[in-house]
Amino acid sequence: RSSNLNFGNAKIVKISSNEIAISGVTQCHKKCSKVYLSLFLERKVNGSYGTYKIWEFTANNVTSLSKTIDVAVPSGTYYRVRGYHAASNAGVKESTSTLTQGIMVK
């Protein structure tokens, strides 16, 4: 069980035929000196997923960090979100990654 990082979560929701909303949260057990949240939007091309866009966020001396982003995307394929969540305190960094199911945008 980690002492700083409680959990991470990532989500993807289709808004319209060419727009999605992605979100992520990094939650700590207590106030952490640095909290990290990275969201990787992946797009399926020729049967396999590849990174399409990346957003990276950090915050200092907080217990959690969350972001929601609306993204315009080309329709006709699947998208998913990979999340990277980390927290550091006193030189100890803990991290985890998350992955959503793919959703079809058309």
Backbone HN-Hα couplings from phi across region 15-20 [Karplus 6.51/-1.76/1.60, Hz, Gly and Pro as x]: 9, 8, 5, 9, 8, 10
Which value, to two decimals, describes the C-alpha radius of gyration of region 45-99 once divided by 2.2 N^0.38 Å? 1.47
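Filter the cross-link list Lys11/Lys31; Lys14/Lys93; Lys67/Lys106 down to pairs whose alpha-carbon distance in this structure exceeds 31 Å. All intermediate terms of the calculation are to be shown ahead of the outcome.
Working: Lys11/Lys31 24 Å; Lys14/Lys93 33 Å; Lys67/Lys106 25 Å.
From the list (Lys11/Lys31; Lys14/Lys93; Lys67/Lys106), the Cα-Cα distance tops 31 Å for Lys14/Lys93.
For a distance above 19 Å, tell me the whole-number percent of Cα pairs in region 1-88 that qualify. Intermediate results must be reported in sequence, preceding the final value.
Details: 1602 of 3828 pairs.
When every Cα pair of region 1-88 is considered, 42 percent fall beyond 19 Å.
Accessible area per residue, 1.4 Å probe, Å², for the chain: what's the number? Provide the component values of the computation, followed by the final result.
Working: 5760 Å² over 106 residues.
I get 54 Å² per residue for this part.
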Over the chain, what percent of the accessible surface lies on carbon and sulfur atoms, probe 1.4 Å? 44 percent
Could you state the number of Å between the C-alpha centres of region 66-106 and region 9-27? 8 Å
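The values are calculated or read from the model by the stated rules, or taken from the named source; none is laboratory data. On a predicted model such as this, the values are computed, not experimentally measured, just so you know. Accessible surface areas use protein heavy atoms only, side chains included; no ligands, DNA or RNA. Shrake-Rupley method; radii C 1.70, N 1.55, O 1.52, S 1.80 Å.
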